[in-house]
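K.L.:
First the structure, which I've put down as structure tokens, then a few questions once you've had a look.
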Amino acid sequence: MAFDGLGRLHAATADGAVVRLDARGEPSVFARTGGRPLGMRFTADGTLLVCDAHRGLLSVDPAGRVAVLSREAEGVPFRFTNNLDVARDGSVYFSDASSRFGQADYLLDLLEGRPHGRLLRYDPVRGATTVLLRDLYFANGVALSRDEDFVLVNETYRYRTRRYWLKGDRAGAADVFLDGLPGFPDNLAASGRGTFWMALFTVRNPAADFLHPRPGVRRLLAKLPRFAWPRPAPYGLVLEVDESGRVLRSLHDPGGLRVRQVTTAREHDGSLYLGTLHEAWIGRLALGPP
């Protein structure tokens, strides 16, 4: 999801559309990427940047025309371009969840349990993409700090968030920002108040924790029909964390009665907007103080 300069909400759908909601909440198709759009952000000039799982990093102009900005880095094609954030100088920080498995096979990435993900930076002046971090376990949500001194990226299948330093004495170094998360972290979004919203796809479960240290069991499971694979628990979960990694609040829907499998949480005008993997709607929650 992304909001343009007029406050209009844009969301991606599984059929490759970017849908715009007007002031009354009525949807219309703004663009079609020809792939599967996921993470999106607007630039200062009104261009929409899109991570498309199938086509790479895209730009969409105000008329809805789509162009490909980047498809590979270091000679390795993107297989699952996922999420992004845009710096004030126009640099685009984005994730390729896996260089081995595409979106349709994301569970195979979990079962293989190897680090195929990367954090990348696209330079719009040079038109070049560089790799900042490699060997990530399903690189997912990306968000810049308020002063843009670091950028965060989730490692979904390791229940943690990594931090890559962009400025200062630690520039170019990386460390663990959050570890031992209670679920599978998906997308990240800066609130604009010096905090981050983290959507967690579902909570951790005993089956997944059992599988992590057992590659032999994972290989056997991957050979079984997919209906026999572990299923995510129905649960809605979002965290707000500050720039030191302290959790300020957690929002829960146990059992997923109202919202579940949250993949995106974005704050706008005092409300939190929630996107999900399978539902055909967007949730909105009025926010009070932490």
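The values are calculated or read from the model by the stated rules, or taken from the named source; none is laboratory data. All figures in this text were calculated on a predicted structure; none of them were measured in a lab. Reconstructed Cβ throughout: ideal geometry from the backbone, glycine too, with neighbour counts over all protein chains shown.
K.L.:
Please work out which residue is nearest to residue 158 (Cα to Cα), limiting yourself to the stretch 194-233 and to residues that are touching a residue at least 12 places away in the same chain (Cβ under 8 Å) and in a loop (DSSP other than H, G, I, E, B). It would help to see each step written out before you state the result.
P.N.:
Just the residues of the stretch 194-233 that are touching a residue at least 12 places away in the same chain (Cβ under 8 Å), to begin with: 194-205, 207-208, 211-212, 215, 218-219, 221-222, 226, 229-230, 232-233.
From the residues that got through so far, the ones that are in a loop (DSSP other than H, G, I, E, B) too are 194, 204-205, 212, 229-230, 232-233.
Values: 194: 25, 204: 11, 205: 13, 212: 9, 229: 19, 230: 17, 232: 16, 233: 17 Å.
Restricting to residues being touching a residue at least 12 places away in the same chain (Cβ under 8 Å) and in a loop (DSSP other than H, G, I, E, B), the top hit is 212.
K.L.:
Does the stretch 208-228 contain at least one residue that is modelled with pLDDT under 95 and in contact with a strand residue (DSSP E or B) (Cβ under 9 Å, 6 or more places away or on another chain)?
P.N.:
Checked against the condition, which is being modelled with pLDDT under 95 and in contact with a strand residue (DSSP E or B) (Cβ under 9 Å, 6 or more places away or on another chain), the stretch 208-228 yields at least one hit.
K.L.:
Can you confirm whether the stretch 251-264 contains a residue that is in a loop (DSSP other than H, G, I, E, B) and among the polar types (S, T, N, Q)?
P.N.:
yes
K.L.:
Next up: Is it the case that some residue within the stretch 136-158 is among the aromatic types (Phe, Trp, Tyr) and touching a Ser or Thr at 6+ places or on another chain (Cβ under 6 Å)?
P.N.:
yes
Yes/no per residue for (1) of a type outside the set (A, V, I, L, M, F, W, C); (2) in contact with a Gly (Cβ under 6 Å, 6 or more places away or on another chain); (3) at pLDDT 95 or above; (4) outside any strand (DSSP E or B):
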{"position": "7", "(1), (2), (3), (4)": "yes, no, no, yes"}
{"position": "24", "(1), (2), (3), (4)": "yes, no, no, yes"}
{"position": "29", "(1), (2), (3), (4)": "no, no, yes, no"}
{"position": "44", "(1), (2), (3), (4)": "no, no, no, yes"}
{"position": "93", "(1), (2), (3), (4)": "yes, no, yes, no"}
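K.L.:
Regarding residue 273, is this residue under 26 Å from residue 5 (Cα atoms), in contact with a strand residue (DSSP E or B) (Cβ under 7 Å, 6 or more places away or on another chain) and among the aromatic types (Phe, Trp, Tyr)?
P.N.:
The answer is yes for residue 273.
K.L.:
Follow-up question, since we're still on this one. Looking at the stretch 166-203, which of its residues are touching a strand residue (DSSP E or B) at 6+ places or on another chain (Cβ under 6 Å), of a type in the set (D, E, K, R) and surrounded by fewer than 18 Cβ atoms within 10 Å (Cβ to Cβ)?
P.N.:
175, 179
K.L.:
Which condition does residue 64 not pass, out of (1) assigned to a loop (DSSP other than H, G, I, E, B); (2) in contact with a Cys (Cβ under 8 Å, 6 or more places away or on another chain), if it passes all the others?
P.N.:
Condition not satisfied by residue 64: (2).
K.L.:
Moving to a separate point now. Hey, could you check the stretch 1-43 for residues that are of a type in the set (Ser, Thr, Tyr) and surrounded by fewer than 19 Cβ atoms within 10 Å (Cβ to Cβ) and say which is farthest from residue 186 (Cα to Cα)?
P.N.:
The selected residue is 28.
K.L.:
Quickly run through the stretch 152-166 and pick out the residues that are under 17 Å from residue 81 (Cα atoms) and not hydroxyl-bearing (Ser, Thr, Tyr).
P.N.:
152, 153, 154, 155
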